[in-house]
Amino acid sequence: MRYKAGDTVYIKNGFLGKHFVEINAIGEDFYIVNCEIYKNSVKVATDDDIDIEISDTLNKCSDFELKLMQKIEHKYKWIAKDKDGLVYVFQSKPEKEIGRWIDSKNVWAPVSKGYINLFPSILWSDEAPTYIVRL
């Protein structure tokens with residue numbers, strides 16, 4: 001399973017009445033979320049119910065980093081750090097190449113140098129870029 005108890009995940013279509021829920025426990029191939037024992041109600045979600053890109057960002061980034069993401073221009077959907085530690089934002093999901101990330105549309109922008117150290121959870125060693133979440 002991709003997530004663990006205590007992680008916050010984003011449920012597609014809000015079928016549980018909420019979009020953001022905390023995982024209470026894990027079954028064989030499902031997550032128990034929004035467990036309300038006093039109401040004898042247990043709700044389950046599978047990987048198909050979870051938006052992985054949003055959920056991964058929620059569990060990777062600090063609250064401060066999530067707030068900073070709100071300030072990034074809306075046309076950008078992805079953020080990543082190159083081998084030299086510079087942070088870039090991209091319109092389409094970039095692929096990792098030698099020393100840097102490249103997106104298919106070649107539409108990217110560097111993040112202001114003042115912001116570089118403000119995204120400590122985004123690393124060159126990441127296997128994938130980070131989806132920009134705007135709460």
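The values are calculated or read from the model by the stated rules, or taken from the named source; none is laboratory data. Keep in mind it's a predicted model, so treat the numbers as computed, not measured. Using ideal geometry, Cβ is built from the backbone for each residue, glycine included, and neighbour counts are taken over all protein chains shown.
State the number of residues belonging to region 53-81 that are crowded, with 16+ Cβ neighbours inside 10 Å and more than 9 Å from the chain's Cα centre (by Cα).
Looking only at that region, the number is 11.
Can you tell me which residues in region 58-78 are farther than 25 Å from N106 by Cβ, in a loop (DSSP other than H, G, I, E, B) and without any contact (Cβ under 8 Å) to a residue 12 or more places away in the chain? Explain how you work it out, then say what you get.
Here is the first cut: in region 58-78, the ones farther than 25 Å from N106 by Cβ are 58-67, 70.
Checking which are in a loop (DSSP other than H, G, I, E, B) leaves us with 61-62, 70.
None - no residue of region 58-78 is farther than 25 Å from N106 by Cβ, in a loop (DSSP other than H, G, I, E, B) and without any contact (Cβ under 8 Å) to a residue 12 or more places away in the chain, so the list stays empty.
Consider region 79-117. How many of its residues are part of a strand (DSSP E or B) and modelled with pLDDT under 85?
Keep residues of region 79-117 that are part of a strand (DSSP E or B), which gives 79-81, 87-90, 95-97, 100-102, 108-110.
The next check asks that each one be modelled with pLDDT under 85; those that pass are 108-110.
Residues in region 79-117 being part of a strand (DSSP E or B) and modelled with pLDDT under 85: 3 in total.
What number of residues in region 54-83 are over 15 Å from D7 (Cα atoms) and either touching a Leu at 6+ places or on another chain (Cβ under 9 Å) or of a type in the set (G, A, S) (or both)?
First pass over region 54-83, keeping only residues over 15 Å from D7 (Cα atoms): 64-83.
Of the ones still in play, those that are also either touching a Leu at 6+ places or on another chain (Cβ under 9 Å) or of a type in the set (G, A, S) (or both) are 64-70, 80-81.
Residues that pass the stated criteria total 9.
If the Cβ limit is 7 Å and pairs must be 6+ apart or interchain, which residue in region 103-115 that is within 18 Å of L66 (Cβ to Cβ) pairs with which residue that is at pLDDT 80 or above and in a helix (DSSP H, G or I)?
Y115/L68
For region 14-39, how many residues are at pLDDT 75 or above and either within 17 Å of D51 (Cβ to Cβ) or in a helix (DSSP H, G or I) (or both)?
Adding up the residues that qualify gives 7.
If you take the residues in region 40-52 that are part of a helix (DSSP H, G or I) and surrounded by fewer than 18 Cβ atoms within 10 Å (Cβ to Cβ), which one is modelled with the lowest pLDDT? Steps first, answer last, please.
Step one: of region 40-52, the residues part of a helix (DSSP H, G or I) are 47-49, 52.
Restricting the remaining residues to those that are surrounded by fewer than 18 Cβ atoms within 10 Å (Cβ to Cβ) gives 47-48, 52.
Details: D47: 80, D48: 83, I52: 89.
Once the filter is applied, the top-ranked residue is D47.
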